[in-house]
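All remarks here apply to the structure that follows.
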Amino acid sequence: MTSSALGLFGDPSSTAAHYAAKLAVETDASDVWAARQAGEVFHLVDVRGQAAWDQGHASGALHIPRQQLAERVAELGEGIPVVVYCWSPGCNGGAKAALELARLGVPVKEMIGGFEYWAREGYPVEDARGAVVRPIDPLTNVVD
């Protein structure tokens, strides 16, 4: 039995359009890190609550809880792209924040994997006390 007989695969041009649209609105921790290292200008915004932020967040991120986005959007500056994140792949707070910012006219992407994958991949993390050194999870990134 061929793959097409299973009905699992669509037309390649439709598939390409789907993934192009997905990549236009999503990014991941490694791409965010690479963009930072390349000097790209954007805001990385943690949209979780205060307790989550204090427990740990991406170093250099701004903290704007999702419920405060509309009232604090001016802090982001006009025309500066924004990458938002929440807890993890199991959290849709980042998607809700991206939707809200897009409706407010802000260029935005959601960092899929959220803070969980930022930390698991070994990128810089801080908590309420300062820098936190975390081991790289070998299931998510190359360990030297």
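The values are calculated or read from the model by the stated rules, or taken from the named source; none is laboratory data. Since the model is a prediction, treat every value here as computed from it, not as a measurement. Heads up, the Cβs are rebuilt from the backbone with ideal geometry, glycines too, and the neighbour counts pull from every protein chain shown.
Taken as a whole, the condition of being within 15 Å of residue 27 (Cα to Cα), touching a strand residue (DSSP E or B) at 6+ places or on another chain (Cβ under 8 Å) and surrounded by 13 or more Cβ atoms within 10 Å (Cβ to Cβ) does not apply to residue 119. Residue 73 passes every criterion in (1) outside any helix (DSSP H, G or I); (2) at negative phi; (3) of a type outside the set (S, T, N, Q) apart from (1). Please identify the pairs in which a residue from region 122-144 that is under 21 Å from residue 112 (Cα atoms) and part of a loop (DSSP other than H, G, I, E, B) has its Cβ atom under 9 Å from the Cβ atom of a residue that is hydroxyl-bearing (Ser, Thr, Tyr) and modelled with pLDDT under 95, counting only partners at least 6 apart or on another chain. So the pair list comes out as 122/140.
Considered as a group, the residues in region 92-107 that are free of Cβ contacts under 8 Å to residues at least 40 places away in the same chain and buried (at least 20 other Cβ atoms within 10 Å of the Cβ) include one that is farthest from residue 48 (Cα to Cα), and that residue is 106. Restricting the search to region 122-131, which residues are surrounded by 15 or more Cβ atoms within 10 Å (Cβ to Cβ) and under 24 Å from residue 50 (Cβ atoms)? Correct list: 123, 124, 125, 126. Considering only residues in region 49-88 that are surrounded by 15 or more Cβ atoms within 10 Å (Cβ to Cβ) and β-branched (Val, Ile, Thr), the one that is farthest from residue 130 (Cα to Cα) turns out to be 73.
Whenever a residue of region 60-81 is under 16 Å from residue 99 (Cα atoms) and without any contact (Cβ under 8 Å) to a residue 24 or more places away in the chain, its partners that are in a helix (DSSP H, G or I) and among the basic types (Lys, Arg), lying with C-beta atoms within less than 8 angstrom and at least six residues away or across chains, give the pairs 64/72.
Exactly one residue out of 114, 94 is under 13 Å from the mean Cα position of the chain (by Cα), at positive phi and of a type in the set (Gly, Ala, Ser), and it is 114.
Selection of region 30-48 for residues being more than 21 Å from residue 102 (Cβ to Cβ) and either surrounded by 10 or more Cβ atoms within 10 Å (Cβ to Cβ) or under 11 Å from the mean Cα position of the chain (by Cα) (or both) yields 30, 33, 34, 36. For region 91-106, the count of residues that are at pLDDT below 95 and within 30 Å of residue 131 (Cβ to Cβ) is at least one.
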